[in-house]
Structures are given as C-alpha cells and as structure tokens.
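Notes follow once the structure below has been shown.
The values are calculated or read from the model by the stated rules, or taken from the named source; none is laboratory data. This structure is a prediction, so every number in the text was calculated from the model and none was measured. Cβ coordinates were reconstructed from backbone atoms using ideal geometry, including for glycine residues, and neighbour counts include every protein chain displayed. Calculation scope for accessible area: heavy atoms of the full protein, side chains included, ligands and nucleic acids excluded. Shrake-Rupley method; radii C 1.70, N 1.55, O 1.52, S 1.80 Å.
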Amino acid sequence: MSDPVKNQYEMRDPREQYPKPPFPEQPQAAPGLAAKMVPEPDHGETSYQGFGRLKGRKALITGGDSGIGRAVAIAYAREGADVAIGYLPSEEKDAQEVIKLIEAAGVKALALPGDLKDESFCTQIVEKTVAAFGGLDILVSNAGKQVFQESIADITTEQFDQTFKTNVYALFWITKAAIPHMQPGSTIITTSSVNATQPSETLLDYATTKAAIAAYTEALSGQLAEKGIRANTVAPGPFWTALQPSGGQSQEKVKEFGSQVPLGRPGQPAEIAPIYVLLASQESSYITGGLFPVTGGKIM
Ligand code: NAD
Ligand code: MG
C-alpha cells in the first residue's frame, strides 16, 4: 500500500483512503494469489487492532488464505479467537502467511488445505477444527468461485456445476456438519454479493449462487433461532481480491474495478472484516437473518 492506514480508527476521507482505478492489467490463473496483485490488497495486517471481542471463541473460515477471508482471519485472531482456515492446496503460500499472522496474535491456527467441492472434505474440516480447538462457535462460509462469461453459450455444464458446488453445496455440507457442535451463542456468517439482487450479466452462474446464499442464510436463521444460534449474510460490492483478476472479471473491468460505485474505488478486505467481527461477537446478539451490504454506496 502506498499510504498504509495506521489503525482502523484513524479518521480519513473514505474516497482517498485506498487506491482508485485505473489499475494495471494483471491476469493470473484461478485461484489467484493475493501476493501477485498490483497494488497488493490491504487485509489489515498493519492496521487491525483487536479488543478481545472474540476472546476464547473457535472459528472456521473457508477461503481464509486471501481476500475477505484473510482479513476476517486476521481480525478474529486479534480479537482473541482460535482460527482455522480452509483453502485450495495451490494457495499454500498465501495460507502460510495467514497462519503466521494468526499465531502472531497469540491464538491457535489450523491450516485445512483441500477442495470444498468434495462433501467428505467439507465434513472433515469441521471435525478437524473441533478436534484441534475443542469446539466450534463461529462458522464463516466465505470461499467462492467466480468465472465471468459474456454469454450463456460460453458457460459449460462443468463450470456451472463447479460454481454451484463451491458456492452453494459446500455451504450446505459444512453447515450441516457444524451445527451439531455449536452451542447457544454460536454464529454462522455467509458471504453473498451485491450480485444477489443486482446480477452482473457476465456473472450468470455466480450471481445465481449468490442469490441462493442469501435465501439459504435467511431460511437457516429461522431454523436456528430455537437453538440460540444466529445466521447472517454479508453482501460485498467490488473488493480488491485475487478472485477478480484470476478470471472473475475481464481485464478491462479489472482496470476500472470499483469506478462504478459512489465512493469511486474498490473496497479493501480490511474494510469489510469489521462487520464479520460484529456479526460473530455477542454485540450482535439481536441480529439474525440479516443481509448486510458493504458496497461503497451501491444500493441493493
Ligand atoms: P479470494 O479469491 O481471495 O477468496 C476466495 C477463496 O475461495 C480462495 O482463496 C479459495 O481458497 C477459496 N476457494 C475457491 N474454490 C475453492 C474450493 N473448490 N475449495 C476450497 N476453497 C476454495 O476472493 P474474495 O473476493 O476474498 O472472495 C471471498 C468471498 O467473497 C467469495 O465468496 C466471493 O464470491 C465473495 N465476494 C467477493 C467480491 C469481490 O469483489 N471480491 C464481491 C462479492 C462477493
Ligand atoms: Mg485465495
């Protein structure tokens, strides 16, 4: 970052706080690596300050190696939670950086490489987290697949299937395995998108899964109330993460990424982590079944 934010409480003009488009073209293979992005995303490494809001909690975050999941992992660890992260084996480099950051916060870290398209892997990451930490109080289903295509004719059945397996089926498998381990006060947080209600025409399959995640989370919250478990979904707008230049958008759109929202720039992962902290902590005790847009001003 050219001018890193010293802490998240420093008052700044939000329009000027982080880089604005135009950005350089920067194609990379999916899943992308955060370290290869120009400029590098801010996940709160130097700025996030914790206050013990999640002291003693045990969290599992899918896609915790990079982007939004990495920012949430850093924040949760600094708020006092033990943190397990799921990620794809090819993302080991990003993941190891996050593991070090979690451990530096003085809490336990657990690395869970593997493919969420596999039901047995989804069940295993829950069991391994429970075994390592002695329980599970916070589940953040955040991993996602996004591949842009100009036309439905270009979307193969294989792509459609993989997008649904990663974004929807995995969510279902992990949640089902997690609930029996969760005590009253536990929370589930999913990651939807502005695409849930304002679908991009080039993200047909992806947008459909994000609408599914919103409906899924709302329905789940109703079921879980009687167990004292809360469930909410966060709907990000444009965030500067490896998902976008690695096939999530065309390079033309990457160059102008974030210009379409009122604040005129993409969000940085560090700017969305605080709502995941709020929704995980007891501060949000009366908040369940909610959908929270974090979009730089784009109305959902
Ligand atoms: P990201 O690429 O940094 O994170 C996504 C992660 O998903 C990857 O790091 C990877 O570990 C994981 N993943 C993908 N396929 C997987 C698989 N088969 N098995 C295991 N893990 C897998 O990008 P991000 O933008 O931080 O994405 C996080 C979430 O935010 C996603 O659900 C995405 O849809 C959502 N989102 C992002 C934006 C944005 O503009 N970046 C906007 C709206 C919603
Ligand atoms: Mg990643």
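Numbers for the structure displayed
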quantity	calculated
About the Cα centre, charge dipole magnitude for the stretch 128-256 (Lys/Arg +1, Asp/Glu -1 at Cβ), debye	500
Hydrodynamic radius of the chain per Kirkwood, over alpha carbon pairs, in Å	19.0
Sequence-distant aspartates and glutamates (8 or more away, or on other chains) whose Cα lies within less than 19 Å of K6	E16, E40, D42, E45, E79, E271
Centroid-to-centroid separation of the stretch 259-300 and the stretch 218-242 [C-alpha atoms, Å]	12
Nearest-20 debye value, the chain charge dipole, Cβ charges on Lys, Arg, Asp, Glu	720
Probe 1.4 Å, protein heavy atoms only - accessible area per residue of the stretch 52-294 in square angstrom	38
When each of K128/K227; K58/K100; K117/K176; K108/K210; K20/K298; K108/K165 is checked by Cα-Cα distance, pairs over 25 Å	K108/K210; K108/K165
Accessible-area composition of the stretch 52-294, carbon plus sulfur, in percent [1.4 Å probe]	56
